[in-house]
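See below for the structure under consideration.
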Amino acid sequence: MQLTVWTYEGPAHVGAMRVATAMQGVHYVLHAPQGDTYADLLFTMIERRAARPPVTYTTFAARDLGGDTAECFKRAARDAVARYAPQALLVGASCTGELIQDDPGGLARALNLPIPVVPLELSSYQRREHWGAAETFYQLTRAILAPKAPKPGQVRSPRAPDTAPSCNILGPLALGFRHRDDIVEIRRLLEALGIRINVVAPLGATPADLARLPDADFNVVLYPEIAGVTASWLTRSFAQPATKVLPVGVGATREFIAEVAALAGVDPAPVLNDPALRQPWYSRSVDSTYLTGKRVFLFGEANRVIACARIAARELGFTVVGLGAYNREFAREVRAAAALYGVEPLLTDDYLEVEAKIAELHPELVLGTQMERHTAKRLAIPCAVISSPAHVQDFPARYSPQMGFEGANVLFDTWVHPLMMGLEEHLLQLFREDFEFNDAPSHLGAASGAALASGAESGAQAAPAAVADAVPAAATATVSAAAPVSASIADAPAATPASEPADSPTTASDILRWSAEAEQELKKIPFFVRGKARRNTERYASERGVTLITVEDLYDAKAHFGR
């Protein structure tokens, strides 16, 4: 176990808590010491739920360790059933509670409670949050449905000809990244195809609803990290096929529609082209040249990263320069996706390693989690959150799905707006000496404002390749004067920084110095290629042992890279 100020996933019992909180009629008795009740804040503060999670903590203290902590758990279980009258009871232990080895499952069974009791052995020191949620959903579903499973060799009865096809939607849960809105969007698509929704689970479902899962013709798996194991068991036990395509992005949504239409035996044509879909129009417009070739780095939950990388590369014309995930259960899929884009996959739960990779690659846009938002802000790089873990601003009160056609519109806005703000940053810098732009506030924070004021170009901000046509006439002389220098230096391959520790990276600019005249000459280069020109000049100087870059060195570098 590694101590850190940030973690992408909590322990496995937090995943179990997310399932219990998502459902109705389920209660979770958690054998945990004082101090392990912090997880309540995840739901009441971040997700802004109106009610506390349905969790009872035994909250034993240090003084209780010399006594009977098992009796403390049994008393808490009896009281929870009497007070909340749940349809099913989940029992388990937190990380610290596991060390006592009181066996919550065995203790609960010995109580002979009048409801189903599902013991959870989650190995919280070895497993993480998403695995805990998936295992909890699977164990609860299996406990309820196992007695109803058909015998081996028994064939599933075909649907009556006059009955509408039906499906279950599996995977959404509490604290899920836009899960609430995704369900609304996908339900709309399915109902437009004439497919009836049988059960949505875990979110909003009861144990009685789980008992009705086998009634559906097939399962729609929206979040494989949560529902993949359960869907596989339903396929084996009840001959229910499950979807494989995640409807994230325009292309994937159309493939999803075709997939569910084939499973349901209906015509997909009526919903393949949604009139409210705006993203493809913009991608075909002249304004999309602002986006073409933007270098993007993606990190987060594996399935979401894979889906978003496809959107970035195929639908928006970005260049994927790196991708990775923190949940290693999907390492094979992440490696396969990285191979498609010719990049090295990053599989880690160390946010400092992710930060070092971002600093090394110099992307123009970061798509990640809440932690990458902080990292990108420190590095003055535009960023959008695409995956959990997320903070309160990523649980909006408005309707904001990530899936389906409306989700494609939302994703497009979410990713393009930071790039457009990056364009605004460059224009502010270009005219920073004008009185009305002086000391202009920056959306990238104070650090970015200081960098802009000093004229230091990191090259990490979004720099539209075709923005030269948008430069006002007042800047024409500056741009024209810089053309001889920028034409060769900026077009040369960017320097690859040396690998350094993430906490104190050493760059060429830490060793080299620029003369005042060279700095002035550098400012004549158009802002959207100036960062690259600076890096290539410093690379040229480093290779030749130059410590003070002069105007002559700048033009020598131009001649060198112009060959």
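The values are calculated or read from the model by the stated rules, or taken from the named source; none is laboratory data. Being a predicted model, the structure only gives us computed values, none of them experimental. Ideal geometry is used to build each Cβ from the backbone, glycine not excepted, and the neighbour counts take in all protein chains shown. These accessible areas exclude ligands, DNA and RNA; they are computed on the full protein's heavy atoms, side chains included. Shrake-Rupley method; radii C 1.70, N 1.55, O 1.52, S 1.80 Å.
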How many nm separate the modelled label positions at E255 and R328, each set 7 Å beyond the Cα in the direction of the Cβ?
2.8
Could you pull out the pairs from K532/K558; K244/K294; K377/K524; K357/K377; K524/K558 whose alpha carbons sit more than 21 Å apart here?
K244/K294; K377/K524
For a quick protection proxy, order the peptides 193-200, 130-137, 153-160 by their average other-Cβ count within 10 Å, most packed first.
130-137, 193-200, 153-160
Can you give me the % of accessible surface on the stretch 331-397 that is carbon or sulfur? Probe 1.4 Å, all protein chains present, nothing else counted.
52
Residue-by-residue Karplus 3J(HN,Hα) for the stretch 248-261, coefficients 6.51, -1.76, 1.60, Hz, glycine and proline x
10, x, 5, x, 5, 5, 5, 5, 4, 4, 5, 5, 5, 5
For G324, enumerate residues with amide H under 5 Å from its amide H, sequence gap 5+ or separate chain, H modeled in the peptide plane.
L298, F299, G300, L346
Here, M420 and Q34, labelled 7 Å along Cα→Cβ, have an inter-label distance in nm of 5.3
Under a 1.4 Å probe, what is the accessible area of the stretch 144-249 per residue, stated in Å²?
39
Amide H proximity to L379 below 5 Å, modelled H, separation 5+ or other chain, gives none
